Amino acid sequence: MSSGRQEMVTRILAQGGNVDSERIDAAGSLFNSLCDRLSRAEVQPGELVVLSGLQGRNLLVAAMAVWRLDAVPMPVPETDPSFDGAPAQFVRGACRITADLSVAPAAPGRWAEALDTTAVLHLSSGSTDRPKVARRGVASVLYDAEGYRAGLGLVPGDRVAVPVPLVHSFGWGVAISALLSGCDLDVTPFVRASTLARKTDSGAVSVLALTPPLARLLVETRRQGTSTPRAAMAGAGQVPDELNEAFQKRFGLPLLRGYGSTETGGTFFGDRGMGRPVPGVDIVKPPPGERGELILRLAAPMEGYLGDNQGPTQEWRTGDVVRHDTDGSVYFEERVRGPLRLNGKFIRTDITEKALRSVLGVTDVFPLILPRNDSPETEDFYAVVEGDAAKQDLLVALAGCPAGTPLPRVVVCRKLPRTTVGKHDRDALIETVRRMSRDAKFRTAPRE
């Protein structure tokens, strides 16, 4: 049975779209060179190939070459990533394309996992735990591409700018959709807002795929031409009304919203909230008019994670609590967080989170369990609070929690650190807590 990977790259090449003004398979191209190097490295069908530290055009072309060999690309941002837990045995010793575009063959006799229908492996964001390696099937990638094509109205000849990191599923999904739609693709990494704004104002790009932080930088630029983009979307984060209004004032059109996950690709698209489900995605829960965890049924099965052996499933618990309006629109409200373990015992954090969120000026709360520096066998419970709430008001709110509720050490910051795709940056949050801890700038709630 065919994996579908070679057919997918054949479809992309047949569309004739350019990446950064060059055909992927032009004579003497990087694509042909990498295909030859991978072949000489004896890459086998279904084999994992790590794309380590590649960006922009190089990453996309390398992925196409891996597909041409019927293998499975795994883009990672680090030049020498380390993996904790189960995925390590599958990734260690794998064939690797490095940032300088050299190809390192797989180690002899390395452990491999059957990836019969997997198109690509993506690292999850790790916003709530260590990153996992999500398996995206060929069918899932194609449904994802169709969702973006329909949502953005992509047609051959569109000039689509994707300045967000392609190692993440959002940027990857839009880029693959553009290629399958015969568009010209600009994947120059974002460096200066004025550069991307000039391309947009001059008509060099007609469709934009952004994150909300990038959109905010763009609205501060001065106009450098008279062209207006045909479509612009902001994914991987919430879009406040004031940002949407500022973008419309600067660029002449509102921001479309996108929502999805590493495991599924894009699942929602629209002009308010998170949007509405794309074709092939159904909302199982919550029903219209209610609030609850968003559970989806997918047309293409979700293959799970590398090494988990759970098998494919078509129902996905997103872990996001949403409000599902009667008109079909869905609005993100908060992230579902499971119980945390403190010094060997599971604790509930929802009571303290609710108390902290009730304080005027609080916009977000992130709980953390961290070992002490001087005695790592002992753990402490922290709550990192976003906003401008007074510390004393937060402590008073915690003091009102029921007796026996574990109380956190409170750290307040104006903005919680987030990744380039808008999710909580857990590593940066840990560093924030460590720094505040060294400076003794936290307190726990008083107890009678």
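Where a number appears in this text, it was derived from the coordinates with a stated rule and is not lab data. Given the structure is predicted, the values throughout are model-derived calculations rather than measurements. Ideal geometry is used to build each Cβ from the backbone, glycine not excepted, and the neighbour counts take in all protein chains shown.
Within the listed set Glu334, Glu263, Glu146, the residue fluctuating most in the Gaussian network model of the chain (springs between alpha-carbon atoms under 10 angstrom) is Glu334.
Count charges around Arg136 for me, please; just the other residues with Cβ under 9 Å from its Cβ, Lys/Arg as +1, Asp/Glu as -1. Combined, the nearby Lys, Arg, Asp and Glu give -2. Each label point was placed 7 Å from the Cα along the Cα-to-Cβ direction; for Leu253 and Ala390 their separation is 4.8 nm.
The GluC sites (Glu not before Pro) found in segment 1-47 that occupy coil by DSSP, while having at most 16 further C-beta atoms within 10 Å, are Glu42. Normalised by the number of residues in the chain, the mean separation of alpha-carbon contacts (under 8 Å, six or more apart) gives a relative contact order of 11 percent. Could you work out which residue, out of Val396, Val411, Val133, moves most in a Gaussian network model of the chain, that is, has the largest mean-square fluctuation with Cα springs under 10 Å? Evaluated over the chain, the most mobile residue of the options is Val396. Look at Ile283, Ile176 and count the other Cβ atoms within 10 Å of each Cβ; fewest to most, that gives Ile283, Ile176. Residue order for Asp100, Asp364, fewest other beta carbons within 10 angstrom first, comes to Asp100, Asp364.
Sorting Tyr382, Tyr305, Tyr148 by the number of Cβ atoms found within 10 Å of their own Cβ, with the fewest placed first, yields Tyr305, Tyr382, Tyr148.
Axis of helix 169-180 versus longest Cα principal axis of the chain: the two differ by about 20°, to the nearest ten degrees. Extension gain, Ser33-Glu242: 0.36 nm per intervening residue step, less the Cα-Cα distance, totals 70.5 nm. Taking 0.36 nm per residue of separation and subtracting the current Cα-Cα distance, fully stretching the chain between Gln44 and Asp308 would add 92.8 nm.
Note on Leu340 and Val155: their simple-model spin labels are 5.2 nm apart, each label 7 Å out from Cα toward Cβ. The length gained by stretching the chain between Asp327 and Arg23 to full extension, at 0.36 nm per residue less their Cα-Cα distance, is 105.1 nm. Electrostatic tally near Leu166: other residues with Cβ closer than 14 Å to its Cβ, Lys and Arg +1, Asp and Glu -1, net -1. The dipole here belongs to segment 1-336: it is taken about the Cα centre, uses +1 on the Cβ of Lys and Arg and -1 on the Cβ of Asp and Glu, and is about 680 debye. One entry in (1) 34, 24, 21; (2) 38, 28, 21; (3) 41, 22, 21 is semi-axes √(5λ) of the Cα gyration tensor in Å calculated from the shown coordinates; its label is (2). Think of it as helices only: each DSSP H run of n ≥ 4 in the chain is worth -39500 (n - 2.57), and spread over all residues that comes to -8000 deg cm²/dmol at 222 nm. Each of Thr363 and Thr98 was given a label point 7 Å from its Cα along the Cα-to-Cβ line. The distance between the two points is 4.2 nm.
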